[in-house]
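Everything on this sheet refers to the single structure shown next.
The values are calculated or read from the model by the stated rules, or taken from the named source; none is laboratory data. None of the values given here were measured: they were computed from a predicted structure. All Cβ positions, glycine included, derive from the backbone under ideal geometry; neighbour counts span all protein chains shown. What goes into the accessible areas is simple: the full protein's heavy atoms, side chains included, and nothing from ligands, DNA or RNA. Shrake-Rupley method; radii C 1.70, N 1.55, O 1.52, S 1.80 Å.
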Amino acid sequence: MPGFEVFGEEEKRQIQDVLDTGVLFRYEFADQRNGVYKVREFEEKFAQYCGAGYAQAVTSGTSALKVGLAALGVGPGDEVITQGFTFVATWEAILEVGAIPVFTEVDVTMNMDPEDLRRKISPKTRCIIPVHMLGAQARIADIVRIADSHAIPVLEDTAQAAGGRIGGRHLGTFGRCGTFSFDAVKTLTTGEGGMIITADETLWRAMSEYHDHGHDHAVNPGGRGGEGRSFIGSNYRMMEIQGAIGLAQLAKLDMMLSEMRKNKARLQEAASVIPGIGFRELVDAAGDTATHFSFFLQDREHCRRVNGVLRENGCGAINFAENTWHYYPKWEHLLNGRTLAAGGWPFAEPGGRKRVVYDPAALPASAELMDRNLVYPVSVRMPEERMAAMCEALKKAAAV
Ligand SMILES: *Cc1c(COP(=O)(O)O)cnc(C)c1O
């Protein structure tokens, strides 16, 4: 996840354009800004890149999820289904709109298991959020088909997979909307930032108004327009410097993906000598963003032995079953329903009755996969010595 690796003159020039106008705000100030609208331009170019009709920039990937959910009308009393292997932000946003997250198993794609999704849909389900984790595709066509048969909208959490595709079609364009994160460790980074794409103009207008206190921007795109105030909003506005950096980074995205694909292919080739190794299933290998190399060992014990050797050789891999930020049984604050709300909302109803109970053992199929999965983050620029050391460590791991 390496956008910061390729920072250069392009980013500096873009930032300088903003500093030259002195206008950091994305709207208004028409007299001072000399036609510079970086956030707006970033939205237009990002939508165009993804083949989406509309894009709404926001402050983060987390707020992109929240704004998307709000625009879809999700609120208290609703359930939203996502997967038990994702970053905490996915379900934090669900809680932020007052809804309750429900978790599915992941399958060998390391993303939402469509069969388990079928089982988890209830009369209260108002949205489904598959996550394209670690840069690779969820089974989005199957998920959308199931969701459509229940008339439930799909929001794709594409935070980790900007530029990913299936059959040439961009991730984030399969559901009603798709959200992206440009935080400090994502492929395309603006330090902090996020985006939501959609083909639905009405939905986009709701997002645009909600993210800026209810202001209407459709009449006057660089400023504020009709001011009809359809509903109460909040503030999730991106600032001009972020838009500027985003434009420079977007221009480098395809180059970054192609470099990561080459690096990942070398690691995969080196790892293939490990007896019994299997690779994470990709829905479309050509459209993998290759930000991570994820592989399965025979069982938990084999996985432990292999990572032991990799660690001894200075090349330890991530086992996400041990990671406290991305895996359901490790989210003890969620499992225990701990929020800052004195009344216990949204887990407890007024009077203290528990509305939801999370069992850490609820996702056994995911646990079986997570326990024998290892992951290497892939970067754009991997020094030859580092690559050689990783390949050598993988070769040694073949002996255990
Ligand atoms: C990074 C990330 C987010 C949140 O993005 P921020 O910009 O850090 O708020 C949401 N979902 C997933 C899967 C992520 O990896």
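Okay, here's what the table says:
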read-out: Residue within segment 113-121 that is outside the structural domain of GLU322 (by TED's automatic domain parsing), in a loop (DSSP other than H, G, I, E, B) and not aromatic (Phe, Trp, Tyr) present; value: yes
read-out: Selection status of GLY68, more than 9 Å from the ligand (Cβ to nearest atom), modelled with pLDDT of 95 or more, farther than 19 Å from HIS326 by Cα and surrounded by fewer than 23 Cβ atoms within 10 Å (Cβ to Cβ); value: no
read-out: Single residue of segment 153-189 satisfying the filter (farther than 16 Å from PRO2 by Cβ and of a type in the set (A, V, I, L, M)) that is surrounded by the fewest Cβ atoms within 10 Å (Cβ to Cβ); value: ILE166
read-out: Close pairs from segment 242-263: first assigned by TED's automatic domain parsing to the domain that holds GLY287 and modelled with pLDDT of 95 or more, partner open to solvent by 20 Å² or more (accessible area, probe 1.4 Å) and not in a helix (DSSP H, G or I), Cβ under 6 Å, at least 6 apart; value: ASN263/MET382
read-out: Condition met for ARG40 (in contact (Cβ under 8 Å) with a residue 40 or more places away in the chain, open to solvent by 60 Å² or more (accessible area, probe 1.4 Å) and either within 30 Å of ALA365 (Cβ to Cβ) or of a type outside the set (Gly, Ala, Ser) (or both)); value: yes
read-out: Failed item in (1) touching a residue at least 40 places away in the same chain (Cβ under 8 Å); (2) open to solvent by 50 Å² or more (accessible area, probe 1.4 Å); (3) not hydrophobic (A, V, I, L, M, F, W, C), with ASP31 passing the rest; value: (1)
read-out: Residue identified as open to solvent by 60 Å² or more (accessible area, probe 1.4 Å) and either more than 19 Å from the chain's Cα centre (by Cα) or at pLDDT 95 or above (or both) among GLU332, GLU349; value: GLU332
read-out: Yes/no for GLU281 being assigned by TED's automatic domain parsing to the domain that holds ARG381 and farther than 17 Å from CYS391 by Cα; value: yes
read-out: Every residue from segment 359-400 that is without any contact (Cβ under 8 Å) to a residue 60 or more places away in the chain, of a type outside the set (A, V, I, L, M) and part of a loop (DSSP other than H, G, I, E, B); value: ASP359, PRO360, PRO383
read-out: Test: LYS124 is over 17 Å from the mean Cα position of the chain (by Cα), away from the ligand (no atom under 15 Å from the Cβ), at pLDDT 95 or above and closer than 23 Å to GLY163 by Cβ; value: no
read-out: Qualifying residue in segment 218-240 (condition: open to solvent by 10 Å² or more (accessible area, probe 1.4 Å) and under 20 Å from the mean Cα position of the chain (by Cα)); value: yes
read-out: Test: residue in segment 363-377 that is within 19 Å of ALA136 (Cβ to Cβ) and of a type in the set (D, E, K, R); value: yes
read-out: Which numbered condition ARG118 fails, given (1) under 17 Å from GLY68 (Cα atoms); (2) open to solvent by 10 Å² or more (accessible area, probe 1.4 Å); (3) of a type outside the set (A, V, I, L, M, F, W, C); value: (1)
read-out: ILE245 farther than 18 Å from ALA52 by Cβ and surrounded by 21 or more Cβ atoms within 10 Å (Cβ to Cβ); value: yes
read-out: Test for GLU10: is it touching a helix residue (DSSP H, G or I) at 6+ places or on another chain (Cβ under 6 Å), within 27 Å of ALA290 (Cβ to Cβ) and surrounded by fewer than 21 Cβ atoms within 10 Å (Cβ to Cβ); value: yes
read-out: Selected residue [part of a loop (DSSP other than H, G, I, E, B) and within 18 Å of GLN56 (Cβ to Cβ)] from ALA244, ALA218, ALA290, ALA206; value: ALA218
read-out: Test result for ALA388, surrounded by fewer than 17 Cβ atoms within 10 Å (Cβ to Cβ), among the small types (Gly, Ala, Ser) and closer than 30 Å to GLU5 by Cβ; value: yes
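Residues checked against (1) in contact with a Lys or Arg (Cβ under 8 Å, 6 or more places away or on another chain); (2) open to solvent by 30 Å² or more (accessible area, probe 1.4 Å); (3) farther than 25 Å from TRP204 by Cα:
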{"site": "ILE81", "(1), (2), (3)": "yes, no, no"}
{"site": "GLU96", "(1), (2), (3)": "yes, yes, no"}
{"site": "ILE100", "(1), (2), (3)": "yes, no, no"}
{"site": "GLU105", "(1), (2), (3)": "no, no, yes"}
{"site": "ILE129", "(1), (2), (3)": "no, no, no"}
{"site": "ILE140", "(1), (2), (3)": "no, no, no"}
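Condition check ((1) within 12 Å of the ligand (Cβ to nearest atom); (2) closer than 22 Å to ASP107 by Cβ) across all residues:
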{"site": "ILE146", "(1), (2)": "no, yes"}
{"site": "THR158", "(1), (2)": "yes, yes"}
{"site": "CYS177", "(1), (2)": "no, no"}
{"site": "THR189", "(1), (2)": "yes, no"}
{"site": "THR198", "(1), (2)": "no, no"}
